[in-house]
Amino acid sequence: MVSKQVGAVVIVSTHKDDTEKSIPERIITKTDILQAYRRRVDIDESCEHIIRKNSLVTCNPDDDRDTVASILEREKMHHVIVVHEEHFVGIVSSWDIAAECAKDNRAWPYLRSEDGSLPQFPRFEEEVLPPAYNPQKAVSILNHEHDFFMDDLDLESFQ
């Protein structure tokens, strides 16, 4: 996690039926590791005592930024897993939400399109969206710079 500069890793199981689905099972965060360290759990011996056992906090790829932010606030979490038909799509963090808000702030008074880019200046005959409208969806907020798979991590040291 440190070398990849990520704050959470989603553990997925792959079902090899007619389509390869990666179904999210658990999540491990930096906070989980710090709490385990505080409890003096031997992190090198087993990660079973570290990985969060509660239900995963998920959203849909079509959920807008404000909906995802509400989920994070309601659940008091920093990460929400984006799933489509039980298939793992990605993870959105509170940092990603804050970065999107900052982009909107820099774009003001203009509105960004769904892909996050600034639109062309509207003509007078075109309808201008109200400033409160946030078109960014969860799938466009995903920070793809951190995309990697569990195979890239050295999990043998955890077991």
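Summary of computed values
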item: Within straight-line cross-link reach of residue 103, lysines at Cα separation under 19 Å, skipping those fewer than 8 residues along the same chain; result: 137
item: Sites residue 11 and residue 31, calculated FRET efficiency, Cβ-Cβ separation with R0 22 Å, nearest 0.05; result: 0.90
item: Order by protection proxy (mean Cβ within 10 Å, highest first), peptides 61-70, 33-42, 7-16; result: 61-70, 7-16, 33-42
item: Cα→Cβ-extended label distance, 7 Å offset, between residue 4 and residue 117, nm; result: 2.9 nm
item: Calculated FRET value between residue 70 and residue 38, using beta carbons and R₀ = 22 Å, to 0.05; result: 0.15
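Just so you know, all these numbers are worked out from the coordinates, no wet-lab data involved. Because the structure is predicted, anything quoted here is derived from the model rather than measured. Positions of Cβ are generated from backbone atoms using ideal geometry, with glycine treated the same way; all protein chains shown enter the neighbour counts.
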